[in-house]
Amino acid sequence: MFRAILPEGQIVCERYDRTDDGLELYNGDDEFVAFVPYANLHALLDDDVYSENERSIM
């Protein structure tokens, strides 16, 4: 699972596709969830990041 971190919050998705203008996010059923322009994207994190003990990630 991935988390797209935005100024307004987070969007959880199973997979994503990169486009010229941003990311297309999809759920586990391969349904489109959201389009996030790169200008609004703070980070895209794999959920494995949250299990690590590195404070700088949080």
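Just so you know, all these numbers are worked out from the coordinates, no wet-lab data involved. Quick caveat, the model's predicted, so the values are computed rather than measured. Using ideal geometry, Cβ is built from the backbone for each residue, glycine included, and neighbour counts are taken over all protein chains shown.
Residue by residue, what Karplus-based ³J(HN,Hα) values in Hz, rounded to whole numbers, does the stretch 19-28 have, using 6.51, -1.76 and 1.60 with θ = phi - 60° and x for Gly and Pro?
Ordered by residue, 3J(HN,Hα) equals 10, 5, 9, x, 10, 9, 9, 10, 8, x Hz.
Could you check the simple spin-label distance between LEU6 and GLU24, using points 7 Å along Cα→Cβ, in nm with one decimal?
1.7 nm
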